[in-house]
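This report concerns only the one structure given below.
Every read-out reported here was derived from the displayed coordinates using simple, explicitly stated rules and does not represent laboratory data. Computed from a predicted model, the values in this text were never measured in an experiment. All Cβ positions, glycine included, derive from the backbone under ideal geometry; neighbour counts span all protein chains shown.
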Amino acid sequence: MSIKSDKWIRRQALDAKMIEPFSEKQVSAGVISYGLSSYGYDLRVSDEFKIFTNVNSAIIDPKAFDERSFVTVHSESVIIPPNSFALARSIEYFRIPRDVLTICVGKSTYARCGIIVNVTPFEPEWEGFVTLEISNTTPLPAKIYANEGLCQILFFQSDEVCEVSYGDRKGKYQGQQGIVLPKL
């Protein structure tokens, strides 16, 4: 397995539509950077957020998720309360090749502010908009900017094609279009 370079990512994004829309260069003037980097791609967060709240005294249960546990916000920026959590989605739509697995890591600009971004790996032949998990680990409110970079995706290509892909098994998060809540 090997990590893929900017040349490989560019070729896959343009020829196989692996990332749409695709920014061929790192955009950083006046924004938290996004776009193609040396060995990854910095994706952008859209302007829709689901911020967790305890107003309705809901319980977080992944087997029976209660939508009253969050409020939906559409905005150019959002404030995540102290020690709280939000869901969002990427602007980019991804189509992962059968011999590729991705890992997401946070951007240092947010990490240095106590913001942790978690995204599960994009498995071979998964496609969709990415549901992003954003944690504010600080005792202070934290601001997240829509349409700017949030995390970096690293692409790993295997020496051989997997036997069963996410697409083959018709994974429950295949083709997701918006912020997708937990499914059983």
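Each Cα pair under 8 Å and six or more residues apart adds its sequence gap; the mean of these over the residue count of the stretch 12-113 is a relative contact order of 29 percent. Calculate how large, on average over all directions, the projected area of the Cα convex hull of the chain is; give the answer in nm² to one decimal. Approximately 10.8 nm², given one-decimal rounding. Take the Cα of SER2, step 7 Å along the line toward its Cβ, and report every residue of the stretch 150-184 whose backbone nitrogen sits under 19 Å from that point. Backbone N within reach: 154-162.
Of the cross-linked pairs LYS25/LYS183; LYS17/LYS107; LYS7/LYS50; LYS4/LYS172; LYS17/LYS63; LYS63/LYS143, those separated by over 32 Å at the C-alpha level are LYS25/LYS183; LYS7/LYS50; LYS17/LYS63. Remark: relative contact order (the chain) = 28 percent; criterion is Cα-Cα distance under 8 angstrom and separation of 6 or more residues.
Computed from phi, the 3J(HN,Hα) profile of the stretch 21-27 under the Karplus parametrisation 6.51, -1.76, 1.60 (θ = phi - 60°) reads x, 10, 9, 5, 9, 6, 9 Hz, with x in place of Gly and Pro.
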